[in-house]
Every structure is written in structure tokens, then in C-alpha cells.
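A.B. asks: Handing you this structure, nothing more for now.
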Amino acid sequence: MPLVNTKEMFRKAYEGGYAVGAFNVNNMEIIQGITEAAKELSAPVILQVSAGARKYANHTYLTKLVEAAVLETDLPIALHLDHGDSFELCKSCIDGGFTSVMIDGSHYDYEDNIALTKKVVDYAHERGVTVEGELGRLAGIEDAVNVSDADASYTDPAQVQDFVERTGVDSLAIAIGTSHGAYKFKPGQKPQLRFDILEEVSRRLPNFPIVLHGASSVVPEFVEIINQYGGQMPDAIGIPEEMLRQAATMAVCKINIDSDLRLAMTAAVRKHLAENPSHFDPRQYLKPAREAIKGMVSHKIVDVLGCNGKI
Ligand code: G3H
Ligand code: 13P
Ligand code: ZN
């Protein structure tokens, strides 16, 4: 099966009351860990590449690695640009074989966001590529952009119908209290998501796929391992998994997870090297790192997303 766009994936996810995992990829071990888990669990999967990942690993390397995963697994896999910030970047990914792109105009004012998003949609749809837009602003760190809590804002449900109709986007990322990175809430702060906003958005956009960014749970087990083996992440806090499970049964069809993969991989490498101080062959520590990614993704597919067996 060739790479797919997100259209059919999201239609099935919406109807089936589950979400598809969108996992960020930066190298071979991450791609292998994710797709091996998806294969074993017969789960559709979105592999997403940020501008930073593309800079780090190079467009051609990443697309060829993803093509290899498609050949190895025969799964429905979408290759998606995460947080595209310009028409040129989206165009380059579309021309270079991506099947889905996000144009993140959330930092522009409303009309400029619409104009930019529509330009990308027009280009993408002519080529069979699906487009995710964003309304509302998440707090947290994405590559070089650091959005402070004060600059973050929830999605205004009154805008979503107009935005979707005027841009033609295939899915919409909304801000309901998730945020990027490993420090989503302050110590002592009660994690909360605005399910009332999600409900109002889906009432105004019937049968329309919603996307949640910043949806890592910052799984405490891995934070503990990192801290135990020399790391310093004492205040890392994520979104409770039961909240994400609930969102997945609602209109949310795509859940973005990056930080949890980073934590799983880093915990495995730290633990391995601490326990085997003489090891210096990268395969010795990248193998458990890949296994940790696979374990994390299997857990998300079964216990959070509910997309196992949905190919
Ligand atoms: O939302 C951002 C993703 O976690 C990607 O992060 O821009 O550091 O690759 P990055
Ligand atoms: P996390 O930092 O919560 O994993 O979010 C990732 C993300 O939203 C990628 O776009
Ligand atoms: Zn994001």
C-alpha cells in the first residue's frame, strides 16, 4: 500500500470513536519503533516531520526512511508536515512526497491565518494532499518558538465554522489546554482540558476531524528513570491519559505525541549507559532506545488512542 493522506483515516476514526496517533520522527530508530508497534497492532499511523526534524535529518533521508517503513509494514501511513509556518515550506513538502501538511497560521491574526491557510489548501488539494489548520494558540516550546502562557489562547468556537468553510481545511487543530513540551502544568496545578470548548467546536462542525497538539502525558515512569540516571526533569508534567482517551472518543481524530517518545528514548539510553559503562557501540544503546519507542507507541495505541485493529 502506498502512503495515504488523512482523509479516509479520519473518516473511519470519527465514525469509530477513536483517534490516530501522529508521532514525530527524526531518525531511523524512531521510525522503526513507531511502525513496528503499529504493524503488530494493525493500527493506522501518521508519521510527522517538523521543520526542525527536516533540518536535522534532511528531507530525502526522512522520506526514504518512511518509504522503507511503508514497504516493510504495508500499513496505511500518512507522512505529514508538523507546524508548517509558510506556504513555501508546505509546497516543498507537498512537492517532495508528503501526503498531508499542517499550515500553522495560529500566530497570525484571523484574516491572515485564513488567507495563508487557503493558499496552502488550494495547492495541496490539487495534488491529493490533505491539510490541517490551527485556530487558537498552544503554550509551550516548538523548535525555536516559545509561546508563553500569557500569549496562549483557547480556540474560540464562534470562529471555527467560518474558518473551515473559507479555508477548505480537512482537519482543525484547536487549543483546549494542552501545550507543547514536557512541562505542561506548574507543580501543584491541577491538569485540566476545556472539554466544553471541544464539545462546542464539534457541535458547530459536525463530522469534522479535530486535532490535539501537545498531547504527551509525560509518562511519569520515564521521567523517574531519567531523574534516577543523572537527568534533571523534576517538574515534568503532562496531560493525564484518561483525558486523552476521552478526547479520542469525541471529535478528536489525531493526537500528536512527541515529548513522550523523547522521554522514552532518553530514559532507555541513560539507563543502558549507566548500567553498561563500557559500551560505546551506538547499536548497543540505540536498540533499547528503539524498543522503548515501540513500547511507548504500543501503549498509546491500545490504552489511549484505541486505534488498534483499525486498518
Ligand atoms: O510541536 C512540536 C514538536 O514536538 C516538534 O518539535 O520542532 O523540536 O522538532 P521540534
Ligand atoms: P508534545 O510535546 O506534547 O508531545 O506535543 C507534540 C506536538 O504537538 C507535535 O506537533
Ligand atoms: Zn504541535
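The values are calculated or read from the model by the stated rules, or taken from the named source; none is laboratory data. Source: prediction; values computed, not measured. We place every Cβ from the backbone using ideal geometry, glycine too, and count neighbours over all the protein chains shown. For the accessible areas, the whole protein counts, side chains as well, though only heavy atoms, and no ligand, DNA or RNA atoms are used. Shrake-Rupley method; radii C 1.70, N 1.55, O 1.52, S 1.80 Å.
Each row is one residue, and each column tells you yes or no for (1) within 16 Å of ligand 2 (Cβ to nearest atom); (2) in contact with a helix residue (DSSP H, G or I) (Cβ under 7 Å, 6 or more places away or on another chain); (3) in a loop (DSSP other than H, G, I, E, B).
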residue: L81; (1), (2), (3): yes, yes, no
residue: F98; (1), (2), (3): yes, no, yes
residue: Y108; (1), (2), (3): no, yes, yes
residue: E111; (1), (2), (3): no, no, no
residue: K119; (1), (2), (3): no, yes, no
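A.B. asks: For segment 72-106, which positions are within 18 Å of A43 (Cα to Cα), in contact with a Ser or Thr (Cβ under 6 Å, 6 or more places away or on another chain) and free of Cβ contacts under 8 Å to residues at least 40 places away in the same chain?
C.D. replies: Of everything in segment 72-106, just one residue is within 18 Å of A43 (Cα to Cα), in contact with a Ser or Thr (Cβ under 6 Å, 6 or more places away or on another chain) and free of Cβ contacts under 8 Å to residues at least 40 places away in the same chain, namely T73.
A.B. asks: Any residue in segment 87-97 that is farther than 22 Å from S259 by Cα, at pLDDT 95 or above, among the polar types (S, T, N, Q) and open to solvent by less than 30 Å² (accessible area, probe 1.4 Å)?
C.D. replies: No, segment 87-97 contains no residue that is farther than 22 Å from S259 by Cα, at pLDDT 95 or above, among the polar types (S, T, N, Q) and open to solvent by less than 30 Å² (accessible area, probe 1.4 Å).
A.B. asks: I would also like to ask the following. May I ask you to list the residues in segment 206-223 that are within 18 Å of Y18 (Cβ to Cβ), in contact with a helix residue (DSSP H, G or I) (Cβ under 6 Å, 6 or more places away or on another chain) and among the aromatic types (F, W, Y)?
C.D. replies: Across segment 206-223, there are no qualifying residues.
A.B. asks: Could you grab the pairs with beta carbons closer than 7 Å, sequence gap of 6+ or different chains, first residue in segment 31-56 and open to solvent by 10 Å² or more (accessible area, probe 1.4 Å), second one within 11 Å of ligand 2 (Cβ to nearest atom)?
C.D. replies: S50/N24; S50/D82; S50/H83; S50/D143; A51/H83; A51/D143; G52/D143
A.B. asks: Please specify each residue of segment 267-290 satisfying the condition of being open to solvent by 40 Å² or more (accessible area, probe 1.4 Å) and within 14 Å of N27 (Cα to Cα).
C.D. replies: Result: P282, R283, L286, K287, R290.
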